[in-house]
Amino acid sequence: MQITEIFKSIQGESTHAGLPCVFVRLTGCNLRCSWCDSEYTFTGGHRMALEEVLKEVEQLSPGGGLVEITGGEPMLQEREVIPLMQKLVDSGYQVMLETSGERPLERVPGDVVKIVDVKCPNSGEPNTFHVENLETLGPQDEVKFVISDRADYEFARDFAARHGLAQRVRAVLFSPAFRKDAKGARSASHCLLDPQELAEWMLADDVSARLGLQIHKFIWDPAMKGV
Ligand code: SF4
């Protein structure tokens, strides 16, 4: 499979946020979100066999722990990434898959936690979520909305209510979008939408969702890669 990087850091944006985690970042994406902070994954990378990826994960986190399969869009390499996820599960890792949900997810192994990033209107990639994927989501999975303005918020609020997401998955995450050119100070001022404003909207509407911040961007320089 084509890999951009494998590294160990702190999981930053789910109910597992704060835990040590090995990230396997696959190369390539078929979307072009306006605020994407991973454009360096669109091209390049290097070929690695499943066993090579496994070996690197084991070196970084011997004997188990959390592994996140991310990208780019990892499901573009479904033929190789599904056996990788299964092998990691069989080796005792807790595996998470970060995906836009644009590709079908029914073949993802049942023990893998899916973090599905449903694109809001101002991402520039609305209506890309494959709605049949809702049927693949269960009580361990999470659905995330990256929100950059009021229109995005209303989309996320209404989508979550219409599909009963709070009853379907472990967590519904509303996360303010971060400026993709953010660097230097580790500060909420880099958010395209003030987290305080988002929190106030959520409280006013009594939304069954969790406010999420990308904590790795508050721990390290937001421009830093491989964290
Ligand atoms: S799906 Fe993810 S990697 Fe692809 S463009 Fe959007 S934010 Fe970037």
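Quick note: the coordinates plus some simple rules give every number you see, no bench work behind them. None of these values were measured; they are calculated from a predicted model. Glycine gets a Cβ as well: all are built from the backbone with ideal geometry, and neighbour counts include every protein chain shown.
At q = 0.17, 0.21, 0.24 Å⁻¹, what is the log10 ratio I(q)/I(0) for region 117-176, with the Debye formula run over Cα points and no solvent? Log10 I(q)/I(0), no solvent term: -0.50, -0.77, -1.00. Full extension of the chain between Ser91 and Ala49 gives 13.5 nm of extra length, using 0.36 nm per residue less the Cα-Cα distance. Residues whose amide H falls under 5 Å from that of Asn30, counting only those 5 or more places apart or on a different chain, are Glu73, with hydrogens built in the peptide plane.
Among the cysteines of the chain, those whose beta-carbon sits 4.7 Å or more from every other cysteine beta-carbon are Cys21, Cys29, Cys120, Cys191. Each label was represented as a point 7 Å from its Cα along the Cα-to-Cβ direction; for Ala204 and Val131 these points are 2.8 nm apart. Pairs of alpha carbons in region 63-131 separated by more than 16 Å make up 46% of all such pairs. Less than 5 angstrom separates the built amide H of Asp117 from those of Thr99, Ser100, Gly101, Lys144, all sequence-distant by 5 or more or on a different chain. In region 173-223, the ratio of gyration radius to Kirkwood radius, Rg to Rh, stands at 1.01 when only Cα atoms are counted.
Based on the alpha-carbon gyration tensor of region 1-40 and its eigenvalue square roots a ≥ b ≥ c, which shape applies: rounded if a/c is under 1.5, prolate if not and a/b is larger than b/c, or oblate?
On the way: a/c = 2.79, a/b = 1.40, b/c = 2.00.
Oblate is the answer for region 1-40, as a/c is 1.5 or above yet b/c matches or exceeds a/b.
Compactness of the chain, taken as the C-alpha radius of gyration over 2.2 N^0.38 Å, stands at 0.97. Between Val143, Val112, Val53, the residue with the greatest mean-square fluctuation in the GNM of the chain (Cα pairs under 10 Å linked by springs) is Val53. Taking θ as phi - 60° and the Karplus parameters 6.51, -1.76 and 1.60, the scalar couplings of region 76-90 work out to 5, 10, 3, 4, 9, 6, 5, x, 4, 4, 4, 5, 5, 4, 5 Hz in sequence order, x denoting glycine and proline.
According to the square roots a ≥ b ≥ c of the eigenvalues of the Cα gyration tensor, what is the shape class of region 1-97, taking rounded for a/c under 1.5, prolate for a/b larger than b/c otherwise, and oblate for the remainder? Here region 1-97 falls in the oblate category.
Of Lys8/Lys87; Lys114/Lys144; Lys144/Lys183; Lys87/Lys114, which ones are farther than 22 Å apart at the Cα?
Among Lys8/Lys87; Lys114/Lys144; Lys144/Lys183; Lys87/Lys114, the Cα-Cα distance tops 22 Å for Lys144/Lys183.
If you take the Cα centroid of region 117-184 and the Cα centroid of region 82-103, the two points sit 20 Å apart.
Normalising the Debye intensity of region 144-210 to I(0), with uniform scatterers on Cα atoms only, and taking log10 at q = 0.20, 0.22 Å⁻¹ returns -0.77, -0.89.
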